[in-house]
Amino acid sequence: MDDITPLMTIAQAAALLGLHPETLRRDIRSGKLEAYRRPRATRISRPALQAYLEQFRSPMIDAAGIGPEERRSVESGVEVALRIAKLKAMVKR
């Protein structure tokens, strides 16, 4: 049983992402988010949540070379904004 991925409730996943639970329910119904559904017990795996987030990944962030650590760091926010602004300026030329 070691290979079973821990599952989260919709409320736990929504809190983790900072989204409203109804947003996740709507995306589960539309097929954007994979979930295990049983009556009154919908669960989401971490890999499914990661795949869901990848749908919203910004090409500008990828081009700026912003890694996971920088995404989590509040202090690097200004630096990240400057790099994105530079990339946008380069694209406009």
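For the reader, a short list of remarks on this structure follows.
- Coil-residue trypsin sites (Lys or Arg not before Pro) of region 1-54, DSSP, other Cβ within 10 Å capped at 14: LYS32, ARG37, ARG40
- Once both labels are positioned 7 Å from their Cα atoms along Cα-to-Cβ, the gap between ARG57 and ILE84 label points is 1.6 nm.
- Inter-label distance, ALA41 to LEU16: 1.9 nm, where each label sits 7 Å from its Cα along the C-beta direction.
Rule-based calculations on the coordinates, nothing more; no lab input. Bear in mind that the values here come from a model prediction, so they are computed numbers and not experimental data. Note that we place each Cβ from the backbone using ideal geometry, even for glycine, and neighbour counts take in every protein chain shown.
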